[in-house]
1. Could you identify the single residue in A:Ala127, A:Ala143 that is closer than 26 Å to A:Asp83 by Cβ and either part of a strand (DSSP E or B) or modelled with pLDDT under 90 (or both)?
2. Where residues in the range A:296-326 are away from chain B (no Cβ under 14 Å) and part of a strand (DSSP E or B), which of them is most open to solvent (accessible area, probe 1.4 Å)?
3. Quick check on the range B:71-87. Is at least one of its residues open to solvent by less than 20 Å² (accessible area, probe 1.4 Å), in contact with a helix residue (DSSP H, G or I) (Cβ under 7 Å, 6 or more places away or on another chain) and charged (D, E, K, R)?
4. Quick one: is A:Thr342 in contact (Cβ under 8 Å) with a residue 24 or more places away in the chain, open to solvent by less than 60 Å² (accessible area, probe 1.4 Å), more than 26 Å from B:Thr36 (Cβ to Cβ) and touching a strand residue (DSSP E or B) at 6+ places or on another chain (Cβ under 9 Å)?
5. Condition check: touching a Phe, Trp or Tyr at 6+ places or on another chain (Cβ under 6 Å), in contact (Cβ under 8 Å) with a residue 24 or more places away in the chain, within 27 Å of A:Ala336 (Cα to Cα) and surrounded by 13 or more Cβ atoms within 10 Å (Cβ to Cβ). Does A:Thr279 satisfy that?
6. Any chance you could count how many residues in the range B:21-54 are farther than 15 Å from B:Thr113 by Cβ, surrounded by 21 or more Cβ atoms within 10 Å (Cβ to Cβ) and away from chain A (no Cβ under 11 Å)?
7. Report, by residue number, each residue of the range A:349-404 that is aliphatic (A, V, I, L, M), open to solvent by 80 Å² or more (accessible area, probe 1.4 Å) and either at pLDDT 90 or above or over 30 Å from B:Val38 (Cα atoms) (or both).
Amino acid sequence: MKREVKTKANSPAAVLGSQESYRQLVDSVTDYAIIMLDQDGHVVSWNPGAERIQGYTKREIIGKHFERFYTTEDVRRGLPGQDLKNAAKIGRVESEVLRVRKDGTQFWANVILSPLRDQEGTVRGFAKATRDLTELKRAEETARLASTYNRSLIDATLDPLLTIGPDGKLMDVNGATEAVTGRTRQELIGTDFFDYFTEPERARAGYQQIFRDGSVRDYPLELRRSDGQVVSVLFNASVYRDEAGNVIGIVAVARDITERKQAEARIQQQSREIMELSTPVMHVWQGVVVAPLIGSLDSQRTQQFMERLLDRIVETNSPVALMDIMGVPAVDSQTAQHLIETVSAVRLLGAQVVMTGVRPAIAQTLVHLGIDLSGIITRSSLSAGLQVAFDILEMQVVPKDKRL
Amino acid sequence: MNDLPPGEFPIGSENDIVSARRIIRNAATALGFGLTDVTRIVTAASELTRNIYVHAKSGIMRWRSVHRGSGVGLELTFADNGPGIPDVAKALQVGYTTGTGLGMGLPGSKRLTDEMTIQSEVGRGTTIVVRKWLPT
């Protein structure tokens, strides 16, 4: 049903407003399918855009019902009729929906359906503008995939990764950050980065260093977990910029070195134990004990050594103790003091100490240090010391054939 | 040859004194010092790191090679933010001690090395620099 529009034939408004010029406008549009339907939904006009997007020629489609543009599922649900009813009632229905082309392929479309009324206001038909959203959807999907890719890279990073804004607030964190802090992403994002460390000022100093130098490497900090536990971490961080080169924020990767620290502590503990084990006191001869000292002598170890030496002297009733320092790499004034104290303690038990294994370099150092060992019998070798011990014990080692 | 990368090592425990000795032994050996001089340098380092640990609790030891004409030497710096030394001249006398030691650490270290400078401010800390030159 066509409606006659009365116009004055020669005025510009009449030319521009004429049905002919309107038809030309619609025909020149190829990005939109602009069509008209009668009040029941049959196609009454078709433009080149519609042909390009939906695939039907004008000849094929005129007079056909527009439900063929819907998916079978939508037709089954009665959507074509409902859309017409809604458009007539509301005045305009816009939707983003899946549509079907002539060849049966489906595409995402933006569809605007508006009623066309006569002068009395009765709905005589519908205008329908359809835009193919395939390209848009593809671009969106690409962007979504890129974002998913970035997100999964961030989350797949085994080390805690986080970004911090110029205001010092956390902008983003990954799963490893959630695990190491014991807090969720929601809890962390937007909060102050510095507050999670045992030394917030140190964290702030590192953060300022990143802005000053562009990056930091292996910056050590201690992170306080939500359960109160402290985790040792090393931070590698650098600024990141937008396309114009302005700093957007900081991206930081932390490495949990708690285990490494524990391993170091264990090694220290073990080496301490080995040092303690390596201060044996041996009963080498009736009346003679030998204590070979190896490694460095700190106060704790000296205490243990002294106790063991005194115990053995009493236990074996030995009047002579040989203290061999061949294995001590350096004798500083404190080590010397420990040795002197040990010698004094042994003397209180009525025994004598012979210090052996005094190397030339150690002897010179002791002289430079000004340490007076004149009260202690010293010998350069253990065998020379043993000879002294025999002298003290008034014993003599005689070759078999010289025996009387 | 006769050069070594500078470095530093924080002192905060008695174990660090042992580590410091090992580090300085390696550095002095690498620079070409003989056994006797290595022992002297290590002993001085031991005295001065122990001073840091005993008096200031923590501090830092730095090392680098230094040059004087064709001569090469090892320079060690021991810095802390501890209580400082009220009377440096007195501290350099044998037998003067504020702790329980023999009072030989500072004067001993001075004799064990070729040069020693002490900068100290009460309440601010102490920096001691020692140098030992390779015999030419």
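1. Values: A:Ala143 fails: closer than 26 Å to A:Asp83 by Cβ.
Answer to the check: A:Ala127.
2. Among those that are away from chain B (no Cβ under 14 Å) and part of a strand (DSSP E or B), it is A:Asp324.
3. For the range B:71-87, residues open to solvent by less than 20 Å² (accessible area, probe 1.4 Å), in contact with a helix residue (DSSP H, G or I) (Cβ under 7 Å, 6 or more places away or on another chain) and charged (D, E, K, R): absent.
4. On the way: in contact (Cβ under 8 Å) with a residue 24 or more places away in the chain: yes; open to solvent by less than 60 Å² (accessible area, probe 1.4 Å): yes; more than 26 Å from B:Thr36 (Cβ to Cβ): no; touching a strand residue (DSSP E or B) at 6+ places or on another chain (Cβ under 9 Å): yes.
So A:Thr342 fails the test.
5. Values: touching a Phe, Trp or Tyr at 6+ places or on another chain (Cβ under 6 Å): yes; in contact (Cβ under 8 Å) with a residue 24 or more places away in the chain: yes; within 27 Å of A:Ala336 (Cα to Cα): yes; surrounded by 13 or more Cβ atoms within 10 Å (Cβ to Cβ): yes.
Yes.
6. Residues meeting the conditions: 1.
7. Taking the range A:349-404 as the starting set, the residues that turn out to be aliphatic (A, V, I, L, M) are A:349, A:351, A:353-355, A:358, A:361-363, A:366-367, A:369, A:371, A:373, A:376-377, A:382, A:384, A:386, A:388-389, A:392-393, A:395, A:397-398, A:404.
The next check asks that each one be open to solvent by 80 Å² or more (accessible area, probe 1.4 Å); those that pass are A:349, A:367, A:397, A:404.
Residues satisfying the conditions are A:Leu349, A:Val397, A:Leu404.
Matching residues to (1) of a type in the set (A, V, I, L, M, F, W, C); (2) outside any helix (DSSP H, G or I); (3) not assigned by TED's automatic domain parsing to the domain that holds A:Arg183:
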position	(1), (2), (3)
A:Glu243	no, yes, no
A:Gly249	no, yes, no
A:Ala252	yes, yes, no
A:Gln270	no, no, yes
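The values are calculated or read from the model by the stated rules, or taken from the named source; none is laboratory data. Just so we're clear, the structure is a prediction, and the values are computed from it rather than from any experiment. We place every Cβ from the backbone using ideal geometry, glycine too, and count neighbours over all the protein chains shown. These accessible areas exclude ligands, DNA and RNA; they are computed on the full protein's heavy atoms, side chains included. Shrake-Rupley method; radii C 1.70, N 1.55, O 1.52, S 1.80 Å.
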